[in-house]
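Quick notes on the structure that follows.
The values are calculated or read from the model by the stated rules, or taken from the named source; none is laboratory data. These figures come from a predicted structure and were not determined experimentally. So basically every Cβ, Gly included, is an ideal-geometry build from the backbone, and we count neighbours across all protein chains shown. Just the protein is used for accessible areas: all its heavy atoms, side chains included, with ligands, DNA and RNA removed. Shrake-Rupley method; radii C 1.70, N 1.55, O 1.52, S 1.80 Å.
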Amino acid sequence: EQGVLHRDLKPANVMIDGRGNAKITDFGLAGAADTLSKEDVFSGTPAYMAPEQLAGREVTRKSDIYALGLVLYQLFTGRPAFEGGTPQEISRVRETSRPADPATLIDGLDPSVGDVILRCLERDPRSRPESALAVAAALPGGDPLAAALAAGVTPSPEIVAAAGEEGVLSPRRATVLLAVTGLAILAVAALSGRYQVTAVVPLDKPRDVLIDRARETLEELGTGPEGITDSAFGFDVDTDLRAWLAATDAHDPWELLPRGRPALVRFWYRSSPRRLQPQIAPSRVSWSDPPRTVSGMTAVRLDTLGRLVELERLPPQVAGPEAASVARGDPEWEKLLAAAGLDPSTLRPADPVWSPPFFTDRRAAWVGEIPELPGEEVRVEAAAFQGELVWFRLIGPWTRAERDQGSRVTTAARINQVLGISIFLLVSAIAAWAARRSIRAGRGDLQGATRIALALVVVHLIRWVLVSHHTGHIGAEFGMFVTTSGVWLFQVATVWVLYVALEPYVRRHDPQKIVAWARLLAGRWRDPLVGRDVLVGAAIAALLGVAMLGVIPAKLALGRSPLPFPSWTSIFGGPRYALGNLADLLPDALTGGMFFTFLWLLLYRVARRPWAASVIVVLILATQMATQDPTVLGIGLAAVMAVAFVAVLARFGLLAVVSLGGFVTGLANAPLSLDLSQWQVRGGWLVVAALIAIAIAAWRASQGDRPGAAAGAGR
């Protein structure tokens with residue numbers, strides 16, 4: 001491990017001291033690997049030289065591994081692996097034959113011993129174990145990880161994967177964890193069916209009905225499907241309304257939102273005479289992307305009951321000859337009011353004050369109250385071009401003039417932005433420096449980092465295929481792929497650098513935190529320790545999901561009126577959008593889990609006390625989460641979640657934290673209900689079904705594949 005080659009390892013140079021410890025002696029031929037010359041290749045005892053050394057090609061650490069294999073073979077079997085007298089005869093025998101498997105020579109010998117020895121005796125140096133510690137890790141018994149740490153050596157990922165407890169759970173413990181997960185998921189579904197935003201907002205009209213209603217509305221307003229090449233739809237949340245409801249006590253959201261207006265959840269539909277090609281990753285059409293720059297582009301927003309909320313239709317760039325004289329006629333404003341479900345008798349004309357985002361030649365406005373929002377005055381603004389209705393907006397006291405906000409960035413916001421970018425650049429620079437240092441020292445787990453990067457690339461690619469707006473045009477598809485891949489490849493590269501920079505540090509100072517993770521990266525999907533950690537993370541995440549949703553009825557019981565719990569609305573688009581949200585869980589959970597694992601370890605190295613590092617991480621997590629809900633219950637929930645994350649990290653490690661983060665995000669955000677007939681929860685249950693399948697697979701793996709393996713759960 002220190003770059004020193006012994007070059008004469010043989011039984012005569014291994015002694016046993018008075019305490020029974022093995023000692024390697026006779027370092028007369030030893031030397032630094034990078035200082036040995038070509039003439040030094042033949043130095044040593046021919047009977048214990050590697051084939052490449054006998055051939056005069058090279059002598060490396062793999063040559064010492066070969067000699068170690070010869071010593072072990074003779075130690076276990078009592079006979080040399082090869083027979084021969086002269087160096088030429090020894091070289092010929094090793095090039096033309098393979099030693100017998102020690103397990104076939106000695107009754108009762110563990111087959112893994114023979115496998116390890118024969119790997120050491122491979123003719124190709126690249127096929128031999130990387131180090132003596134790797135040999136020790138592969139042999140049964142002992143603790144090579146403890147030996148490496150005691151020697152002050154950074155253990156290899158293979159040693160970390162081979163170390164630690166077996167992780168087998170008894171059938172009873174595994175079943176209890178799975179049952180807790182299942183029952184907590186049912187409780188989450190029951191709470192979501194009452195307290196999620198999707199349970200409060202009226203969603204009686206399914207997605208396809210709203211699509212038809214949007215098209216009907218456009219036809220009624222004189223903007224039918226003629227000349228339409230492409231279209232898209234989706235759901236979004238009125239963040240202005242949500243902020244207004246959170247800031248005012250004038251209206252109880254639990255009474256207001258079920259009326260459907262004002263609309264917290266809105267349906268939008270867009271059509272265009274050209275292909276809709278989004279400009280922002282993940283290349284999914286939204287209300288504002290791509291921008292409306294083509295004449296005839298139309299966008300309509302409806303509330304969930306199918307009533308018009310907003311309309312934009314870009315007029316022609318070159319007006320007809322009649323535009324120079326008179327308009328085609330008076331706009332039929334009443335059609336807009338009818339599409340919005342507004343009673344003209346409750347509104348009074350007003351001067352227009354809101355400007356459309358494009359040129360129009362006629363404008364109109366009304367103000368008044370609507371039955372669903374008594375005591376609040378709303379404004380209705382509309383515009384037309386050459387007699388055609390091209391713009392409409394229902395404006396409430398919550399609506400912000402978003403185009404006027406760009407010049408009103410506060411000093412605090414600027415400081416926060418500069419601080420965030422500075423921290424990111426600083427951390428990136430430190431990580432890049434540490435990654436370069438790890439690679440040059442040979443400590444970086446490049447194979448593991450590459451596997452993680454490839455997994456993230458595959459996940460992002462799957463998500464792009466699922467949720468991007470595909471037009472079938474090769475040029476457009478390529479452009480969207482380049483735009484999207486640039487964003488997620490940046491994230492993949494960042495994760496790769498962070499992992500190469502920080503993983504060796506964890507492996508050196510607290511490798512137990514990543515034992516299960518190392519086994520997973522090694523492809524041991526069914527390893528009991530991997531199954532146990534994933535199952536533990538799933539069970540605790542399900543309980544935290546109950547706690548997160550349970551805060552809502554607790555606040556209601558105290559006489560407060562909190563907002564309904566948010567949920568994914570993009571999932572209403574159909575199964576592919578549900579799977580797209582599911583694909584998002586891995587990158588987010590992995591990035592968050594890695595960050596807080598490494599943060600905890602770094603703080604531990606600074607504070608020199610595990611409890612001090614845990615307290616600091618709890619405070620950081622709790623503060624971050626409490627900013628979203630600064631009430632007593634919100635702060636208490638943030639503290640519970642932070643303690644849970646840190647406790648899982650301290651007891652089980654990185655893989656359990658990643659599992660916890662992925663499960664809690666999916667369960668908390670997926671729209672759920674015990675009433676499976678509701679169309680809006682089908683996508684949420686698809687996500688949860690995938691999580692349940694993962695939990696069941698982890699339950700099976702945690703009990704081991706060997707007969708009676710579960711009996712060792714108490715170890």
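Among residues of the range 338-364 that are on the phi < 0 side of the Ramachandran plot and open to solvent by 30 Å² or more (accessible area, probe 1.4 Å), those with a Cβ under 6 angstrom from a residue that is among the basic types (Lys, Arg) and in a strand (DSSP E or B), sequence gap 6+ or separate chain, pair up as 352/363. Taking the numbered list (1) among the charged types (D, E, K, R); (2) at pLDDT 85 or above; (3) closer than 29 Å to residue 695 by Cα in turn, residue 555 passes all entries but (3).
Of the numbered criteria (1) closer than 19 Å to residue 128 by Cα; (2) modelled with pLDDT of 85 or more, the one residue 57 fails is (2). Per the conditions (1) at pLDDT below 90; (2) of a type outside the set (Lys, Arg); (3) surrounded by fewer than 18 Cβ atoms within 10 Å (Cβ to Cβ); (4) under 28 Å from the mean Cα position of the chain (by Cα), the sole criterion not satisfied by residue 147 is (4). Can you confirm whether residue 298 is under 30 Å from residue 564 (Cβ atoms), touching a Leu at 6+ places or on another chain (Cβ under 7 Å), surrounded by 20 or more Cβ atoms within 10 Å (Cβ to Cβ) and among the hydroxyl-bearing types (Ser, Thr, Tyr)? No, not satisfied.
Can you name every residue in the range 212-253 that is part of a helix (DSSP H, G or I), open to solvent by 50 Å² or more (accessible area, probe 1.4 Å) and not basic (Lys, Arg)? Give the steps one after another, and end with the answer.
Let us first name the residues in the range 212-253 that are part of a helix (DSSP H, G or I), namely 212-220, 239-247, 253.
Those still in the list that are open to solvent by 50 Å² or more (accessible area, probe 1.4 Å) too: 212-213, 215-216, 219-220, 239, 242-243, 246-247.
Passing the criteria: 212, 216, 219, 220, 239, 243, 246, 247.
For residue 693, state whether it is surrounded by fewer than 16 Cβ atoms within 10 Å (Cβ to Cβ) and at pLDDT 90 or above. So residue 693 fits the description; yes.
Against the numbered list (1) more than 25 Å from residue 582 (Cβ to Cβ); (2) open to solvent by 70 Å² or more (accessible area, probe 1.4 Å); (3) in a loop (DSSP other than H, G, I, E, B); (4) at pLDDT 80 or above, residue 407 comes up short only at (4).
Mind telling me which of the residues 393, 379, 440 ends up being open to solvent by 60 Å² or more (accessible area, probe 1.4 Å) and at pLDDT 80 or above?
Values: 393 fails: open to solvent by 60 Å² or more (accessible area, probe 1.4 Å); 379 fails: open to solvent by 60 Å² or more (accessible area, probe 1.4 Å).
Answer to the selection: 440.
Note on the range 100-176: enclosed helices (runs of 4 or more DSSP H) holding 3 or more residues that are more than 30 Å from residue 696 (Cβ to Cβ) and out of contact with any strand residue (DSSP E or B) (no Cβ under 9 Å at 6 or more places or on another chain) are 102-105, 111-120, 132-138, 144-150.
Within the range 315-337, residues that are on the phi < 0 side of the Ramachandran plot have Cβ atoms under 9 Å from residues that are open to solvent by 100 Å² or more (accessible area, probe 1.4 Å) and at pLDDT below 60 in these pairs: 320/328; 322/328, counting only partners at least 6 apart in sequence or on another chain. Test residue 281 against the criterion of being open to solvent by 10 Å² or more (accessible area, probe 1.4 Å) and farther than 19 Å from residue 216 by Cβ, and give yes or no. Judged against the criteria, residue 281 is a match. Can you say whether residue 76 is out of contact with any Lys or Arg (no Cβ under 9 Å at 6 or more places or on another chain) and either farther than 23 Å from residue 133 by Cα or of a type outside the set (S, T, N, Q) (or both), as far as the supplied structure shows? In short, yes. For the condition under 24 Å from residue 688 (Cα atoms) and open to solvent by less than 50 Å² (accessible area, probe 1.4 Å), residue 176 does not qualify.
Within the range 437-474, being outside any loop (DSSP other than H, G, I, E, B), among the charged types (D, E, K, R) and closer than 19 Å to residue 157 by Cβ holds for 437, 440, 451. Condition test on residue 44, is it at pLDDT below 85 and either crowded, with 17+ Cβ neighbours inside 10 Å or within 47 Å of the chain's Cα centre (by Cα) (or both)? Considered against the rule, which asks whether it is at pLDDT below 85 and either crowded, with 17+ Cβ neighbours inside 10 Å or within 47 Å of the chain's Cα centre (by Cα) (or both), residue 44 comes out as yes.
Among the conditions (1) free of Cβ contacts under 8 Å to residues at least 60 places away in the same chain; (2) open to solvent by less than 70 Å² (accessible area, probe 1.4 Å); (3) under 50 Å from the mean Cα position of the chain (by Cα), the only one that residue 107 does not satisfy is (2).
Give the number of residues within the range 88-103 that are out of contact with any Asp or Glu (no Cβ under 9 Å at 6 or more places or on another chain) and open to solvent by less than 60 Å² (accessible area, probe 1.4 Å). First the steps, then the outcome.
Looking only at the range 88-103, we keep the residues that are out of contact with any Asp or Glu (no Cβ under 9 Å at 6 or more places or on another chain), and these are 88, 91-92, 94-100, 102.
Right, trim to open to solvent by less than 60 Å² (accessible area, probe 1.4 Å) and you get 91, 94, 97, 99-100, 102.
Residues that pass the stated criteria total 6.
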